[in-house]
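Below: one structure, written as structure tokens.
The values are calculated or read from the model by the stated rules, or taken from the named source; none is laboratory data. Because the structure is a prediction, the values reported are computed rather than measured. Cβ sites come from the backbone with ideal geometry, for glycine too, and all protein chains shown count toward neighbours. We work out accessible area using only protein heavy atoms, side chains counted, and drop any ligands, DNA or RNA first. Shrake-Rupley method; radii C 1.70, N 1.55, O 1.52, S 1.80 Å.
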Amino acid sequence: MVTRDELAMSFGAAAAAYEQGRPDYPAEAVAWLLETVGPHPRIADVGAGTGKLTRVVAALVAERGADVIAVEPDAAMLDALRAALPGVETLVGTAERLNLPDASVDAAVFGQSWHWVDPVAASAEVGRVLRPGGVLGLVWNIRDETTPWVARLGEIMKGSHAEELLAGGGPVVAAPFGDLQVRTWTWTRPLTRAGLTSLVHSRSYVITASADERARIDHEISALFDEIGAVGDAVVALPYVTYAFRAMTGSAPI
């Protein structure tokens, strides 16, 4: 059986599929996460992957003279990020060991990654590197399975740890953080068959599956994509719900 740690570190083997298949984050959600951050901030994107969240953060805070640091444990993912965002500072690290000085950043954001961490150890480590009043921001893009064909897609490629976490009451944080405030956004993403296939192939369950299981998944998604008209360059709308959570060090609800 594949362990949780092996799943968490599997994405580098499919970095290209991850970059093509995974969605960016809505600018409105990221702006809300960073709403309380002042001028000239230093922001760490932790578990940055190929830079999906990093690029949105960098674009939003560019006018504030911000420094953005991408922290990622997987070398292959970090290589993809460096190629896409050559001007962004990068560090090898994890939520539990950030390799950043004490009180050195104004915000730490996690896109599609907090479900892989030890929330107590990660909260303590993020609290260590945040300046007073610093912000912890967590965000996930989750496919909206109230749409029947999207629910079928989820059944074919199995549920994720992120989906299980959000369905089970949401993320947990520990000291020095207080309660999390949450907001959601609904939106759709246009995708071709190639993009949908890359999305499926970027999932940790699929990356680590046996050859037989991957063949089953590919056969079943092919039939589904034919059925919904995702053929050739035709575009279908994939609905998403973005969940964003934020807290400040030692805070009551924001």
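Numbers for the structure displayed
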{"read-out": "Number of the exception - Asn99 against (1) open to solvent by less than 30 Å² (accessible area, probe 1.4 Å); (2) farther than 22 Å from Pro239 by Cα; (3) of a type outside the set (Gly, Ala, Ser)", "value": "(1)"}
{"read-out": "Subset tally (residues that are surrounded by 19 or more Cβ atoms within 10 Å (Cβ to Cβ) and on the phi < 0 side of the Ramachandran plot) for the stretch 34-59", "value": "17"}
{"read-out": "Flag if Leu165 is open to solvent by 20 Å² or more (accessible area, probe 1.4 Å), touching a residue at least 24 places away in the same chain (Cβ under 8 Å) and within 15 Å of the chain's Cα centre (by Cα)", "value": "yes"}
{"read-out": "Meets criteria (touching a residue at least 24 places away in the same chain (Cβ under 8 Å), closer than 30 Å to Ala230 by Cβ and either out of contact with any helix residue (DSSP H, G or I) (no Cβ under 6 Å at 6 or more places or on another chain) or surrounded by fewer than 16 Cβ atoms within 10 Å (Cβ to Cβ) (or both)) for Leu199", "value": "no"}
{"read-out": "Any hit, the stretch 69-80, residues being open to solvent by 20 Å² or more (accessible area, probe 1.4 Å), closer than 20 Å to Val126 by Cα, within 17 Å of the chain's Cα centre (by Cα) and in contact (Cβ under 8 Å) with a residue 60 or more places away in the chain", "value": "yes"}
{"read-out": "Failed criterion for Thr186 (all others in (1) open to solvent by 50 Å² or more (accessible area, probe 1.4 Å); (2) under 20 Å from Ala95 (Cβ atoms); (3) free of Cβ contacts under 8 Å to residues at least 60 places away in the same chain; (4) not in a helix (DSSP H, G or I) hold)", "value": "(2)"}
